[in-house]
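The values are calculated or read from the model by the stated rules, or taken from the named source; none is laboratory data. Computed from a predicted structure; not experimentally measured. Using ideal geometry, Cβ is built from the backbone for each residue, glycine included, and neighbour counts are taken over all protein chains shown. Keep in mind that these areas ignore ligands, DNA and RNA; they rest on the heavy atoms of the full protein, side chains included. Shrake-Rupley method; radii C 1.70, N 1.55, O 1.52, S 1.80 Å.
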Amino acid sequence: MLRRVEFGEADLVLSLFTETLGRVSALARGARKSRKRFAGSLEPFFTIRVRLDEPRSGELFVLREAVLVRPRTGLLGDLRKLEAAGRALAWTRQAAPVRTPEPEAWAILERLLDRLAAEPAERPAEVELAEAGLLLLDAFGWALELERCVRCGKPCPEDRAASADATRGGLVCRACGGGRIRIPANARLRLARAASGEAGVLTSDDAAIALALVERVLVAHAGIEAT
Ligand SMILES: [Zn+2]
């Protein structure tokens, strides 16, 4: 679940990112009157299995049944993990079009939440978030070009720092005007590996660059607000 908002006296409106339908909203009737009604499963970061009734009109499904699949309580006691998970959910809420299946993005988000909830954590939350962010861009069709200049196509030499312009989709060489985000040569190679799906390659410094790129791309494409 991506988010829950109180509705009326007793209900909740849920924003769900589902494997088969993509992002949908659903009304959970009576969810605030009785926690038993949906067995305490309606929390952000939880993965639930749901049965939904189609909307009669509009876009609001009705939640019939919810079963908790992965609670991820390991997230709850750690602010950095919570913040990273919250950013990923906010990205998804704004980048995923309504009712469009995005199974790849769904799997990336599931994996990220599992890794963030794992104890002990293998790597810092920001690094996990940055790697997932690069993959999410690809899943949504906004992959960054990190090998060559997006304007003239000239490959970036392996030993040279590069600069990127996220709104143009990747590296921009100096002759083409350059970009605002500077990427050291080694970091660029690691970012490219992470973007192609290799896990565990980014350092904390790389993660900061990656997060800046990811959020700028999302601002450009999905109109999300930078944090
Ligand atoms: Zn160029």
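Here are the numbers:
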| read-out | value |
| --- | --- |
| From the options L202, L218, residue that is modelled with pLDDT under 95, in the same structural domain as A95 (by TED's automatic domain parsing) and more than 16 Å from the ligand (Cβ to nearest atom) | L218 |
| Residue within segment 136-147 that is charged (D, E, K, R), open to solvent by 30 Å² or more (accessible area, probe 1.4 Å), within 16 Å of the ligand (Cβ to nearest atom) and in contact with a helix residue (DSSP H, G or I) (Cβ under 8 Å, 6 or more places away or on another chain) present | yes |
| Filter result (farther than 17 Å from G197 by Cα and crowded, with 17+ Cβ neighbours inside 10 Å) within segment 112-125 | L116, A117, A125 |
| Lone qualifier among A175, A164, A185 - being farther than 19 Å from A220 by Cα and open to solvent by less than 60 Å² (accessible area, probe 1.4 Å) | A185 |
| Residue count, segment 80-98 (criterion: farther than 16 Å from F46 by Cβ, assigned to a helix (DSSP H, G or I) and of a type in the set (V, I, T)) | 0 |
| All strands (runs of 3 or more DSSP E) inside segment 1-59 with 2 or more residues being loosely packed, with under 14 Cβ neighbours inside 10 Å and touching a strand residue (DSSP E or B) at 6+ places or on another chain (Cβ under 9 Å) | 3-7, 47-53 |
| Residue match in segment 25-37 (condition: under 20 Å from the mean Cα position of the chain (by Cα) and not assigned by TED's automatic domain parsing to the domain that holds Q94) | yes |
| Unique match (being of a type in the set (G, A, S), farther than 25 Å from F46 by Cβ, in a helix (DSSP H, G or I) and within 15 Å of the ligand (Cβ to nearest atom)) among A194, A187, A175, A164 | A175 |
